[in-house]
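The values are calculated or read from the model by the stated rules, or taken from the named source; none is laboratory data. If you're wondering where the values come from, they're calculated on a predicted model, not measured in any experiment. Cβ atoms come from the backbone with ideal geometry, glycine included; neighbour counts cover every protein chain shown. Just the protein is used for accessible areas: all its heavy atoms, side chains included, with ligands, DNA and RNA removed. Shrake-Rupley method; radii C 1.70, N 1.55, O 1.52, S 1.80 Å.
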Amino acid sequence: MSDTITILTTYKDLFWIIFTLVATIISILTYINVRKSIKQTLYDNILKVQLEAYGILLQELKEDKGEYFFSLDLENMMKFNLISHLVGKDVLQNIELFNNIYNIYMMMAEGENEQAFSVEELSRSLEEIKEIEVFIEENFVGEEVIKEKESLKEKIRKRFHKVSMGKYMLTDIRGLWVNTPKSGETYHVIYQYVHNVYLPGRILRKLKNFEKAYTGVVLGTMHKIVLREEDKIFRSRGGEEITINFDKMCNELIEDKSTKILFRKYNNLKREIRKSLKIDAHW
């Protein structure tokens with residue numbers, strides 16, 4: 001009888017060991033399958049986000065760099081800023097179109113752009129302006145503006161003084177740089193993907209390089225060209241007449257070395273996106 005009990009106890013222990021082993025194996029396999037399923041779902045979602053981003057970026061980058069460059073509305077942006085600065089300094093007076101542009105400019109600077117204007121109307125107004133004639137009155141005091149002007153680096157650093165958290169007050173309109181609505185929308189498409197963690201590292205690197213080159217053109221070269229034209233006026237004497245040709249300014253921007261860097265970064269970015277999508281056979 002005792003032998004029978006011993007055998008049953010042994011089988012019971014063996015059964016329990018086998019049962020525990022099987023249960024453990026099943027649990028491990030279940031965990032692996034669940035984990036694989038979750039990872040696959042995440043991978044599918046990430047791939048979906050990436051494909052959507054590639055499509056939007058390629059559409060925004062246009063067919064070629066020339067078309068993309070002009071879609072940035074850079075010439076109108078130069079007009080928008082320069083005219084507004086001159087109105088703000090009382091150089092251009094009593095001209096309804098220029099006053100309207102200046103009012104829109106200041107509304108946008110204060111964050112009221114949605115109610116301030118019609119985008120199409122503003123674009124049409126700016127596109128109609130090919131050049132402006134500035135007559136310097138006898139009592140013009142432009143030299144005072146030049147004497148007060150800081151270097152570009154200092155100007156950018158000091159042009160705002162902090163009022164409260166997140167709010168700044170402009171101390172000199174010549175330190176203010178405002179995008180046109182069209183250029184702002186175009187740039188926003190690029191900017192929103194610069195910090196997208198779901199894009200591959202190689203795409204993000206080229207996207208950031210392109211974004212830096214773009215802001216270098218807009219906030220660097222364009223700003224210098226506009227300030228130079230303003231200085232030309234502020235250094236003039238009473239009775240002089242100054243002509244500002246915007247086509248010439250835009251051509252200068254296109255030929256500048258910083259713009260050529262932008263084009264190179266543009267080609268690198270577009271090539272990398274097309275490579276990821278395997279659009280071209282030789283890739």
Hits in segment 233-263 - residues which are free of Cβ contacts under 8 Å to residues at least 12 places away in the same chain and of a type in the set (D, E, K, R) = LYS248, GLU255, LYS257, LYS260
ASN99 vs (1) in contact (Cβ under 8 Å) with a residue 12 or more places away in the chain; (2) closer than 22 Å to CYS250 by Cα: all pass except (2)
Elements of type helices (runs of 4 or more DSSP H) in segment 215-283, at least 2 residues being among the hydrophobic types (A, V, I, L, M, F, W, C) and either farther than 30 Å from GLU138 by Cβ or under 17 Å from the mean Cα position of the chain (by Cα) (or both) | 246-255, 257-276
Log entry, pairs with first residue in segment 184-209 being free of Cβ contacts under 8 Å to residues at least 12 places away in the same chain, second being open to solvent by 40 Å² or more (accessible area, probe 1.4 Å) and part of a loop (DSSP other than H, G, I, E, B), beta carbons closer than 9 Å, six or more apart or on different chains, reads GLU185/ASN179; LEU204/HIS195; LEU204/VAL197
Total residues in segment 191-208, condition part of a helix (DSSP H, G or I) and crowded, with 18+ Cβ neighbours inside 10 Å | 4
Go through segment 233-255 residue by residue and tally those that are open to solvent by less than 90 Å² (accessible area, probe 1.4 Å), at pLDDT below 90 and charged (D, E, K, R).
-> 1
Check GLU133 against each of (1) within 22 Å of LEU227 (Cα to Cα); (2) open to solvent by 60 Å² or more (accessible area, probe 1.4 Å); (3) part of a helix (DSSP H, G or I) and name the one condition it does not meet.
-> (3)
